[in-house]
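In what follows, a structure is listed as structure tokens, so that the remarks can point back to it.
No lab work stands behind these numbers, since they all come straight from the coordinates. All of these numbers come straight from a predicted model, not from anything done at the bench. Here the Cβ positions follow ideal geometry from the backbone for every residue, glycine too, while neighbour counts run over all protein chains shown.
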Amino acid sequence: MLNELLRKNRSYRSFDTSVKIPEEVLLGFIDNARIASATMNLQPLKYRVVTEESEVSAVLSHTRWAAALDIKLPPEGHGPVAFIVVCHDTEITPFKPIFLKDVGICSEIIMLSAAEAGYGGCMIGSAGIEKIREILGLAPSLEPQLVLALGKPDEVVILEDAEGGNVKYYRDGKGVHHAPKRTLEDIIVK
Ligand SMILES: Cc1cc2nc3c(=O)[nH]c(=O)nc-3n(C[C@H](O)[C@H](O)[C@H](O)COP(=O)(O)O)c2cc1C
């Protein structure tokens with residue numbers, strides 16, 4: 001069911017590195033994003049798949065995880081096994097902020113596809129874009145917009161109602177991550 005999948009589709013920041021994601025499976029996630037509605041149907045997004053171990057660890061070193069928490073994530077030896085770097089191709093159309101809506105839609109489709117296939121990950125907006133561009137040898141026309149980290153999660157994330165509007169995510173004493181969401185009542189404008 002869609003609601004079940006949406007609940008399962010949390011941000012995961014610790015992974016079992018012994019479980020790889022086959023390239024064709026990653027391409028399947030991108031194929032799902034490919035058919036999404038798109039601003040003016042221009043479809044300027046291109047995707048760089050990163051699975052080669054040295055590239056994955058190089059990209060990882062230029063990403064910032066759970067800045068609100070005072071712990072190193074992902075923990076040593078529990079990093080993602082793949083990244084998908086969502087890029088805007090300026091040869092198709094010049095970048096404009098309106099296309100960030102497409103980035104969001106397509107990225108969520110990829111994360112949901114991963115969740116459905118038994119994987120998980122985290123969208124990383126806080127990334128050293130220029131460094132990542134250099135590591136991956138991206139053409140100047142490709143502007144990275146969002147980095148999607150993927151793997152087989154080995155942590156528990158609990159979805160809960162935000163109490164008194166407090167949306168700060170946190171880890172409890174058992175290392176369980178909690179993701180508070182505003183209630184339906186709180187978000188309906190009357
Ligand atoms: C566009 C976007 C960018 C994000 N960037 C980061 C990031 O740079 N680092 C990180 O650890 N989490 C990042 N996140 C994950 C959020 O912190 C996460 O969605 C939030 O804590 C709620 O948890 P949930 O995804 O399980 O609902 C990002 C999420 C989105 C949608």
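Share of pairwise Cα-Cα distances greater than 30 Å in the chain is 21 percent (whole percent). Only residues of segment 63-85 count here: report those whose backbone N is under 15 Å from the spot 7 Å along Cα→Cβ of residue 156, or say none. Within reach of a label on residue 156: no residues. Using +1 on the beta carbon of Lys and Arg, -1 on that of Asp and Glu, and nothing else charged, what's the dipole of segment 23-85 about the Cα centre, debye to 20? Charge dipole of segment 23-85: 340 debye, to the nearest 20.
Modelled label positions at residue 27 and residue 108, each set 7 Å beyond Cα in the direction of Cβ, lie 2.8 nm from each other. Note on residue 168: lysines with a C-alpha under 22 Å away, same-chain residues under 8 apart excluded, are 8, 72, 181.
Placing a label point 7 Å from the Cα of residue 20 along the Cα-to-Cβ direction, the residues of segment 52-67 whose backbone N falls under 15 Å from that point are 52-57. Of all beta bridges that DSSP places with both ends in the chain, some 80 percent have antiparallel geometry. Of the peptides 30-39, 68-77, the order by per-residue mean of other Cβ atoms within 10 Å, starting with the highest, comes out as 30-39, 68-77. For the pair segment 24-47 and segment 106-136, the centres of their Cα atoms are 13 angstrom apart.
The charge dipole of segment 58-190, taken about its Cα centre with unit charges on the Cβ of Lys, Arg, Asp and Glu (plus for the first two, minus for the last two), comes to roughly 180 debye. Taking every DSSP beta bridge that has both ends in segment 123-189, the antiparallel portion is near 45%. Estimated at 0.36 nm per residue, the fully extended path between residue 182 and residue 96 surpasses their Cα-Cα distance by 27.9 nm. Under the membrane-span-like helix rule (DSSP H runs whose alpha carbons stretch at least 20 Å along the helix axis, mean Kyte-Doolittle hydropathy -1.0 or higher), the chain yields 100-116. Using the beta-carbon distance between residue 169 and residue 34 and R0 = 41 Å, what value does 1/(1 + (r/R0)^6) give for FRET efficiency, to the nearest 0.05? Once rounded, the FRET efficiency stands at 0.85. Remark: 1, 40, 111, 123 ranked as 1, 40, 123, 111, counting other beta-carbon atoms within 10 Å and listing the fewest first.
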